[in-house]
Amino acid sequence: MRRFACAELPSPGQRVVLSAEVSHHLLQVTRVPRGQEVELFDGQGATARSTLVGVEAGCAVLEVVEVDRRVGDLPPLRLFAAVTKGPRYEDALRMAVELGVTEIVPVLAARSIAKGDRRARWHRVVEGAARQSHRATSPELFPLVRFKEAITQPLEGLRWVCLPSAAPIRGTLGPASVLVGPEGGWTDAEMKQAAEAGWTAAGLGPQVLRAETAVAAALTRVRCAGPAFD
């Protein structure tokens, strides 16, 4: 069953009009026919089995058949990812969503080549990845912050900053935060600041990874729930 985002899910028997962007995807891209059932999700854990019943001003109108509001509580898994070149950063965001990250904070590092805040585009990527991977909840995407602001945020649980030469990340099922660097890695000054702020340097194995691969590797190791690939 195809899935589409909907900010607010009404009760069974009621109708909802999807946004223009989501409606375009439903009507023009996937070409869902009238009368077909789809699944709506609000990004907060609730889903609704719904039927396309019409179109109003170019927007899809759906009638809700059944709503499931059971919300599964995921332990916080925060990704602080230094901004990299557009397509690579979007790949990193997609993989992070698929691997269960709950919060994403774009970080402007000293060696970040890409400087702009493309939050609108990143939000669409995150929402699309949540839909594609059948997640009931979408990660919260925060505005771009500078490195010093990222490392000094009050955070619950373990905090790791990825560094190739450090000991491997250890798995945990509890709250955790991971800080992954840009294409050129962290500067010595940034690593010193991170250590002073309470972050622990952690490695991802003997190979040197691309920034987007490092995101996937780090999140996988964190949620392995035990010693990670020693």
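Listed residues Ser112, Ser50; which is over 30 Å from Pro33 (Cα atoms), among the polar types (S, T, N, Q) and more than 19 Å from the chain's Cα centre (by Cα)?
Ser112
Residue under question is Glu212, and the condition is that it be in the same structural domain as Glu98 (by TED's automatic domain parsing), in contact (Cβ under 8 Å) with a residue 40 or more places away in the chain, assigned to a helix (DSSP H, G or I) and within 23 Å of the chain's Cα centre (by Cα); does it hold?
When the stated conditions are applied, Glu212 passes them.
For residues in region 199-208 being at pLDDT 90 or above and either over 14 Å from Arg170 (Cβ atoms) or touching a Phe, Trp or Tyr at 6+ places or on another chain (Cβ under 8 Å) (or both), which is surrounded by the fewest Cβ atoms within 10 Å (Cβ to Cβ)?
Among those that are at pLDDT 90 or above and either over 14 Å from Arg170 (Cβ atoms) or touching a Phe, Trp or Tyr at 6+ places or on another chain (Cβ under 8 Å) (or both), it is Thr200.
Consider only pairs whose beta carbons are under 9 Å apart and that are at least six residues apart or on different chains; among these, list those whose first residue lies in region 173-193 and is farther than 20 Å from Ile104 by Cβ and whose second residue is in a strand (DSSP E or B) and not hydroxyl-bearing (Ser, Thr, Tyr).
Met191/Val161; Met191/Ala201
Could you tell me whether Pro106 is closer than 23 Å to Trp199 by Cβ and assigned to a strand (DSSP E or B)?
Working: closer than 23 Å to Trp199 by Cβ: yes; assigned to a strand (DSSP E or B): yes.
So Pro106 fits the description; yes.
Hey, can you tell me all the residues within region 12-47 that are modelled with pLDDT of 90 or more, within 22 Å of the chain's Cα centre (by Cα) and small (Gly, Ala, Ser)?
Passing the criteria: only Ser19.
When you scan region 3-24, how many residues do you find that are of a type outside the set (Asp, Glu) and under 20 Å from Arg121 (Cα atoms)?
Residues that pass the stated criteria total 11.
Kindly check whether there is at least one residue in region 99-112 that is at positive phi and not charged (D, E, K, R).
yes
Before we move on, is Arg131 crowded, with 17+ Cβ neighbours inside 10 Å, among the charged types (D, E, K, R) and either modelled with pLDDT of 95 or more or under 14 Å from the mean Cα position of the chain (by Cα) (or both)?
yes
Would you check if Pro75 is surrounded by fewer than 18 Cβ atoms within 10 Å (Cβ to Cβ) and assigned to a loop (DSSP other than H, G, I, E, B)?
yes
The values are calculated or read from the model by the stated rules, or taken from the named source; none is laboratory data. Just so we're clear, the structure is a prediction, and the values are computed from it rather than from any experiment. In this analysis, Cβ positions are derived from the backbone assuming ideal geometry, glycine residues included, and neighbour counts consider all displayed protein chains.
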